[in-house]
Amino acid sequence: GDITEQVDKQVDCVATNPALATTVKWWGVMPEELRSWRREEMDYLSKVMMAIRSAEQKRKLSPRPVMMYEPSNRRADLLELTGKFLDVQAIGTNTRDFSDAAVVNAIRTSVAALVQTSSRIGTYPVVTLALSKPIPNLGSAEDIKQVIRRNTYIALIEGARGVLVWSWATRKGLSAADRDIQADAYASVADDLNGKMNLGEIFLRGKLVAMD
C-alpha cells in the first residue's frame, strides 16, 4: 500500500490504544540503515517523516521523535545526510573481534561519529549495544555484568545521550539464562541513571548530584 496510508494506520494504532499511547516514546523507521547515496531510499525516509507528522497533526498528537538505526561503520558526513530527516539516530557498535580493546574502540569510534553529527545538526545521539550472543571468554555472571556495565558507561562518557539495547528477542546461540544475565546488567545501569543515584542528571544534563 501507499507509504502515507501505512504510516497513518500505525500512528492510529498507537493513538487509539491506551497502553501503547503511554509506552511508545519513539517512532522507529523500517527498514533500517537507509543509505544517503541511494536517492530512492532518501525519498522514502523523507516521505515516512512527513507521513508521521501529518498523521500526528490530524489526531492532534504531540510529535514523537523519529528514530532510525544506523550501522556502526557509517561516517559522520553520511550520518548527517540521513540525520536531517530524523530526530534520534541510534548507531551500532559491532565488531568481529571481541577483545576488550576492539570492543572499546568500536564503541568510541561509533559514538564519536554520532556526537559529531549531533553537534552539527542537532539529532539526539543514542548508542546501540547488543544483547544477542554469548560474550566470549567470560565465565561468571559477575564478569559479564562488569563488561556490559563498562561498555555502557564508556558510551555515555564518550557522549551518547541514550542506550538502545538490541534486543530481548530469542536469539540462536543465546540461552535464556545468558540473556537474563545480560539484561540484568543493562538494567543495573538504567537503575544507576534513573534511580537513587540519579546519574542521568550528570550524564544527560551535566548537573551535580549530591551523594548520601
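The values are calculated or read from the model by the stated rules, or taken from the named source; none is laboratory data. No experiment lies behind these values; they were computed from the predicted model shown. Cβ sites come from the backbone with ideal geometry, for glycine too, and all protein chains shown count toward neighbours. To get the accessible areas, we keep the full protein, side chains included, count just its heavy atoms, and leave off ligands, DNA and RNA. Shrake-Rupley method; radii C 1.70, N 1.55, O 1.52, S 1.80 Å.
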Practice prompt. For the stretch 24-37, indicate whether the set of residues that are open to solvent by less than 60 Å² (accessible area, probe 1.4 Å) and of a type in the set (Phe, Trp, Tyr) is non-empty.
Written response: yes
Discussion item. Condition (residue is closer than 29 Å to Gly122 by Cβ, at pLDDT 90 or above, out of contact with any Asp or Glu (no Cβ under 6 Å at 6 or more places or on another chain) and not charged (D, E, K, R)) applied to the stretch 175-187: is it met by at least one residue?
Written reply: yes
Item to complete: Residues that are touching a residue at least 40 places away in the same chain (Cβ under 8 Å): find the helices (runs of 4 or more DSSP H) completely inside the stretch 1-103 holding 3 or more of those.
Response: 3-15, 39-58, 76-83
Worksheet item: In this structure, is Ser110 of a type in the set (Ser, Thr, Tyr), surrounded by 15 or more Cβ atoms within 10 Å (Cβ to Cβ) and either more than 15 Å from the chain's Cα centre (by Cα) or outside any helix (DSSP H, G or I) (or both)?
Response: no
Item to complete: Please state which of the following conditions Gly122 fails to meet, knowing it meets all the rest: (1) out of contact with any strand residue (DSSP E or B) (no Cβ under 9 Å at 6 or more places or on another chain); (2) open to solvent by less than 20 Å² (accessible area, probe 1.4 Å).
Response: (2)
Fill in: Yes/no for Lys145 being out of contact with any Lys or Arg (no Cβ under 8 Å at 6 or more places or on another chain), in a loop (DSSP other than H, G, I, E, B) and open to solvent by 30 Å² or more (accessible area, probe 1.4 Å)
no
Discussion item. Among (1) without any contact (Cβ under 8 Å) to a residue 24 or more places away in the chain; (2) open to solvent by less than 20 Å² (accessible area, probe 1.4 Å), there is one condition Ser140 misses while meeting the rest; what is its number?
Written reply: (2)
Worksheet item: Can you tell me which residues in the stretch 24-74 are polar (S, T, N, Q) and either modelled with pLDDT of 95 or more or within 23 Å of Thr109 (Cα to Cα) (or both)?
Response: Ser36, Ser46, Ser54, Gln57, Ser72, Asn73
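Could you list, in sequence order, the residues of the stretch 160-208 that are part of a strand (DSSP E or B) and open to solvent by 30 Å² or more (accessible area, probe 1.4 Å)? Even if it seems obvious, please write down each step before you answer.
First, the residues of the stretch 160-208 that are part of a strand (DSSP E or B): 162-166.
Answer for the stretch 160-208, where residues must be part of a strand (DSSP E or B) and open to solvent by 30 Å² or more (accessible area, probe 1.4 Å): Val163, Leu164, Val165, Trp166.
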Practice prompt. Name the single residue, out of those in the stretch 44-93 being of a type in the set (Ser, Thr, Tyr) and under 24 Å from Thr23 (Cα atoms), that is surrounded by the fewest Cβ atoms within 10 Å (Cβ to Cβ).
Written response: Ser62
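Restrict the check to the stretch 168-175 and report whether at least one residue is among the hydrophobic types (A, V, I, L, M, F, W, C) and in contact with a Gly (Cβ under 8 Å, 6 or more places away or on another chain).
Of the residues in the stretch 168-175, the ones among the hydrophobic types (A, V, I, L, M, F, W, C) are 168-169, 174.
Next, from what is left, pick out any that are in contact with a Gly (Cβ under 8 Å, 6 or more places away or on another chain): none.
No; the residues of the stretch 168-175 include none that is among the hydrophobic types (A, V, I, L, M, F, W, C) and in contact with a Gly (Cβ under 8 Å, 6 or more places away or on another chain).
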